[in-house]
Amino acid sequence: MEAGLRSLAVPVRDRSGRAVAALNVAMHAGPESPEHTRDTMLSALRACAARVEADLALASAHAPVETG
């Protein structure tokens, strides 16, 4: 979208597996390759999404979320 910017995103899923949100990180592209960025950032971003999913599952077990 913009020269010099690199972005990576992962879905956040509810208990049924439906994507309900996303987590994104954007950074200066720098001299590293896109593969280097993916290899260094993706596991941390997925781990963060997993923690959000766990919190979402716990919260929805106590108060179901209604969607329109």
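The values are calculated or read from the model by the stated rules, or taken from the named source; none is laboratory data. Here the structure is a predicted model, which is why all the values come from computation and not from measurement. Cβ coordinates were reconstructed from backbone atoms using ideal geometry, including for glycine residues, and neighbour counts include every protein chain displayed. These area figures cover heavy atoms from the full protein model, side chains too; ligands, DNA and RNA do not enter into them. Shrake-Rupley method; radii C 1.70, N 1.55, O 1.52, S 1.80 Å.
Just a few scattered comments:
- For region 34-54, a residue qualifies if it is in contact (Cβ under 8 Å) with a residue 24 or more places away in the chain and under 16 Å from Gly17 (Cα atoms), and the qualifying residues are Arg46, Ala49, Val52, Glu53.
- Failed condition for Ala47, given (1) more than 12 Å from the chain's Cα centre (by Cα); (2) surrounded by fewer than 13 Cβ atoms within 10 Å (Cβ to Cβ); (3) part of a helix (DSSP H, G or I): (1)
- Number of the exception - Val52 against (1) exposed (fewer than 13 other Cβ atoms within 10 Å of the Cβ); (2) modelled with pLDDT of 90 or more: (1)
- Of all residues in region 22-32 being open to solvent by less than 50 Å² (accessible area, probe 1.4 Å) and at pLDDT 90 or above, the one that is nearest to the chain's Cα centre (by Cα): Leu23
- Each residue in region 1-20 was checked for being surrounded by fewer than 14 Cβ atoms within 10 Å (Cβ to Cβ) and either modelled with pLDDT of 95 or more or out of contact with any His (no Cβ under 8 Å at 6 or more places or on another chain) (or both), and 10 pass.
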